[in-house]
1. At 7 Å along the Cα-to-beta-carbon direction for both Ala104 and Asn7, put a label point, then send me their distance in nm to one decimal.
2. At a temperature of 20 °C and a viscosity of 1.002 mPa s, determine how fast region 115-222 diffuses translationally according to Stokes-Einstein, using the Kirkwood radius over alpha-carbon pairs as Rh; express D in µm²/s, rounded to the nearest whole number.
3. So which GluC sites (Glu not before Pro) in region 115-187 are both in a DSSP loop and have at most 16 other Cβ atoms within 10 Å of their Cβ?
4. Would you please classify the overall shape of region 36-168 from the alpha carbon gyration tensor, given that a ≥ b ≥ c denote the square roots of the eigenvalues, rounded means a/c under 1.5, and beyond that prolate means a/b larger than b/c while oblate covers the rest?
5. When a/c is below 1.5 the answer is rounded, else prolate if a/b is larger than b/c, else oblate, so apply that to region 77-117 with a ≥ b ≥ c taken from the square roots of the Cα gyration tensor eigenvalues.
6. Could you give log10 I(q)/I(0) at q = 0.18, 0.23, 0.29 Å⁻¹ for region 37-96, computed by the Debye formula over C-alpha point scatterers of equal weight, without solvent?
7. Relative contact order for the chain: what percent, with Cα pairs under 8 Å and sequence separation of 6 or more?
8. Highest GNM mean-square fluctuation, the chain, Cα pairs closer than 10 Å: which of Thr66, Thr14, Thr134?
Amino acid sequence: MTPDASNRPVALITGASAGLGLALAHGLADRGWALVIDARGAEALKNAADALADRTDVVPLAGDVTDPDHRADLADAITELGRLDLLINNASYLGPSPLQALAAADLDELRRVYEVDVLAPIALTQALLPALTTASGVVVNISSDAAVEAYETWGGYGSAKAALDHVTRVLAAEHPALAVYAVDPGDLRTAMHQAAFPGEDISDRPEPATVVPAFLQLLDSRPASGRYRAAEFAPAVTS
C-alpha cells in the first residue's frame, strides 16, 4: 500500500521486522505515523507490515541496507510519499556468534559489522538529507552501552557503535536544523542479544516494547542533539 502522507508524519525504520525496530514501528503506528520499513527477510517483513496495516499505512521494502540499490529504493519510496520526518537507523550486525576477541577476530566479519552499523547509516542519511531537512526532521541512530564500555569480545560491535555515536555528533554539528540522536536502548530480549549469549537464558531482559515510551518521549521533547540512554526519558514499562 502506498500511503498518502500529506497530512501525517512519515518515519523510515530499518531492521523493522522484529525486535526494537518492530516495537518502534508499532509505537509510531499507534500515533498515526505512516511508515516505510525495511529488513533483510522478506517474509518476516511482510508479516510485520500486515500486523501494522490495520492502524496505519505502511510500505515494506525488503533488502540489505549495505546494498546501494536497496537504499535507492528506500529513498525513492520517501520521494513518492513527499516527506520524511524521522529516520531510525536501527538495523545492526553483531558479528559472529559467539563473539570473538579482537586478537582473533575475523576481519571479514569486522568489515561487515562496520558496513552495517556505520557506513550504511551514513549512506542512508546522505540519501535522505534533503527530505529530512525540508521537514526539520529527526535522525535516531541506535547505539549501545558497548559503545562506551570495554566489554571483552565486544570490540567489533562496540567500536562500530562508538563510531556511530561520533557520526551522530558530527551530523548534528553539520546540520543544526535537524535533531540527531544516538540512543542506547539498554539490554533487551531480542534475537541479536540472544546471539551474543548463546545457550544462556536472557528472559530477565525486558521486551523491546517496554522502551518505546522512552523513544516517544524523546520525539515529543526533542532535546538538544546528542547521545542519550532511553532510561533518561521514561521508565521502562513492565513487560
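1. 6.1
2. Value of D from the Cα-based Kirkwood radius: 141 µm²/s.
3. Within region 115-187, the qualifying GluC sites (Glu not before Pro) (loop, at most 16 other Cβ atoms within 10 Å) are Glu149, Glu152.
4. Cα axes put region 36-168 in the prolate bin.
5. Prolate, since a/c reaches 1.5 and a/b exceeds b/c.
6. Rounded to two decimals, the profile gives -0.71, -1.11, -1.38.
7. Reported as a whole number, the value is 18 percent.
8. Looking only at Thr66, Thr14, Thr134, the biggest GNM fluctuation is shown by Thr134.
None of the figures in this text is laboratory data; all of them are computed from the coordinates on show. Note that the coordinates shown come from a computational prediction; the quantities given were computed from them, not determined experimentally. We place every Cβ from the backbone using ideal geometry, glycine too, and count neighbours over all the protein chains shown.
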